[in-house]
Amino acid sequence: MRMVDIIYKKRNGNELTEAEIQFFIEGYTKGVIPDYQASALMMAIYFQGMLPRETALLTKAMVDSGESIDLSAIEGYKVDKHSTGGVGDKVTLIVGPLVASAGVPVAKMSGRGLGHTGGTLDKLESIDGFNIEMTEEQFIGNVNKHKLAVTGQTGNLAPADKKLYALRDVTATVESIPLIAGSIMSKKLASGADSIVLDVKTGSGAFMKTLEDSEALAKEMVDIGNNLGKTTVAVISDMNQPLGFEVGNANEIKEAVAILQGAKVKDLRSLSLEIATHMTVLAGAYSDYDEAYAALAQNLENGKAFEVFRQFVIAQGGNIAMIDDLNKLPQAAHHIHVTSDKEGYVTEIDAESIGTAAMYLGAGRATKEDSVNHAVGITLNKKIGDIVKKGDVLVTLHADTATPDNSIQKVKEAYCFKEGHVERPTLIYKVIR
Ligand code: URA
């Protein structure tokens with residue numbers, strides 16, 4: 001078999017066989033197939049697409065390129081969740097303890113933030129002492145004991161994807177639905193859960209800007225999961241503005257804790273309950289959606305979910321005094337109110353610009369090697385549908401400098417207004433199974 005023939009075949013819009021896909025993935029992972037041929041194939045796939053069967057085979061080959069986590073030592077049915085990435089997305093911090101409060105084990109492997117999006121591990125590390133590096137035994141032991149543990153990636157999962165994603169990033173081939181679907185699902189499938197709930201973001205701050213594209217991506221990922229033996233459900237949710245009111249690390253922990261203590265931040269609470277409901281129904285903890293939703297909502301009210309979070313923080317070495325008194329979390333030196341020079345109803349808050357403004361403050365990383373400042377971040381005072389007068393505070397920047405001019409500029413650019421009344425956006429567009 002020759003790589004050039006595989007490229008030629010895909011370039012002309014033909015279907016690749018299992019043997020050809022395996023040949024490519026194995027050869028590329030081993031370094032036998034060079035980057036220039038892999039790039040050409042990625043571009044051919046970008047233009048010609050892949051049939052669902054080819055995408056499933058590509059995903060399976062990427063899973064088989066590395067190790068898979070064995071979670072069989074964890075008692076019970078394990079459901080994982082994944083978000084395609086958003087700004088202010090602290091849903092994992094809420095859903096983890098919430099699902100665990102229903103007795104369903106959550107063995108979560110999370111990542112760090114890069115660019116305008118944050119990462120669960122960085123947020124948790126706002127809590128002094130919080131340890132995300134565990135051996136597999138510690139991880140499994142903590143899940144068995146507390147029903148929840150969060151770790152950084154362990155093992156060499158889907159190395160083919162790691163290499164290919166880095167290549168796609170620099171060859172303008174990221175935005176291909178089969179390639180994104182295969183990339184995300186290869187990592188999820190290798191992570192060892194029995195079922196997967198996907199939060200597919202749609203809107204200006206998401207990878208997929210239109211509902212049509214988001215739905216196509218969701219369907220593709222659900223099909224891959226189901227075809228490869230893991231029941232998968234996708235929720236398509238809004239990312240036309242950041243989720244909730246807080247963006248950053250310590251301040252996202254604060255907002256997550258508020259929800260776990262029963263606060264009613266509408267979009268964040270509703271989306272967390274939606275994701276947790278699908279997870280617990282898949283795990284068989286409740287008989288249907290309505291029963292699960294009501295029980296989980298109660299666990300936010302009665303303190304059960306918050307207590308699971310507390311025990312999880314203690315188990316991973318975090319200073320619980322910082323959770324019991326949130327003022328002890330890292331605090332920025334300056335709190336700067338950014339006011340509006342315009343007026344009208346807010347029509348859009350570009351999530352990417354808000355995420356970038358937070359990154360400029362130091363909450364995120366421009367490159368993988370950067371470190372993050374846990375104290376800094378952004379509190380949104382206005383969201384889509386709100387009326388704004390000139391001089392009203394749009395956001396508060398929590399900064400370590402008194403003049404974070406580029407962040408001020410960026411958040412001002414993020415807000416769009418119009419004169420007449422604006423509806424608040426739909427939060428959950430569709431559920432795909
Ligand atoms: N996230 C991934 O993990 N892979 C992609 O291709 C895009 C987003």
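Readers should treat all values here as calculations from the given coordinates under stated rules, not as data from a laboratory. On a predicted model such as this, the values are computed, not experimentally measured, just so you know. Backbone-built Cβ (ideal geometry, glycine too); neighbour counts: all protein chains shown.
Close amide H pairs (under 5 Å, H built 1.01 Å from N) link Thr339 with Leu394, residues at least 5 positions away or on another chain.
Take the Cβ atoms of His335 and Thr367, set R0 to 30 Å, and the FRET efficiency comes out at 0.60. In the chain, Cα pairs under 8 Å separated by at least six residues give a relative contact order of 20 percent.
Modelled label positions at Val265 and Lys328, each set 7 Å beyond Cα in the direction of Cβ, lie 2.1 nm from each other. Rounded to the nearest 0.05, what FRET efficiency do Ser287 and Glu419 give with R0 = 56 Å and r taken as the Cβ-Cβ distance? Could you check? Efficiency for this residue pair is about 0.70. For the listed peptides 160-169, 2-11, a ranking on the average number of other beta carbons within 10 Å per residue, highest first, reads 160-169, 2-11. Residue-wise HN-Hα couplings along the stretch 418-429, as the Karplus relation 6.51 cos²θ - 1.76 cosθ + 1.60 with θ = phi - 60° gives them from phi, are 9, 6, x, 4, 10, 6, 6, x, 4, 8, 10, 8 Hz; Gly and Pro carry x.
Compared with the dominant principal axis of the Cα atoms in the chain, helix 18-30 is inclined by about 70°. Pull out a ≥ b ≥ c, the square roots of the eigenvalues of the alpha-carbon gyration tensor of the stretch 53-95, then state rounded if a/c is under 1.5, prolate if not and a/b is larger than b/c, and oblate in the remaining case. Note, shape of the stretch 53-95 comes out oblate.
Semi-axis lengths, largest first, of the ellipsoid equivalent to the stretch 3-49 are 17, 12, 8 Å, with √(5λ) applied to each eigenvalue of the Cα gyration tensor. Principal-axis analysis of the Cα atoms of the chain puts helix 35-48 at an angle of about 80° to the longest axis.
Among Glu15, Glu419, Glu54, the largest mean-square fluctuation in a Gaussian network model of the chain, built with springs joining Cα atoms closer than 10 Å, belongs to Glu419.
Of the residues Lys60, Lys30, Lys304, which exhibits the maximal mean-square fluctuation in a Gaussian network model of the chain defined by a 10 Å Cα contact cut-off? For the chain, modelled as a Gaussian network with Cα springs under 10 Å, the answer is Lys30. If you take the Cα centroid of the stretch 311-380 and the Cα centroid of the stretch 232-268, the two points sit 13 Å apart.
Antiparallel versus total DSSP beta bridges in the chain: what percent is that, nearest 5? Around 55 percent of the beta bridges assigned by DSSP in the chain are antiparallel ones.
Helix 405-414 axis versus longest C-alpha principal axis of the chain: approximately 80°, rounded to the nearest ten.
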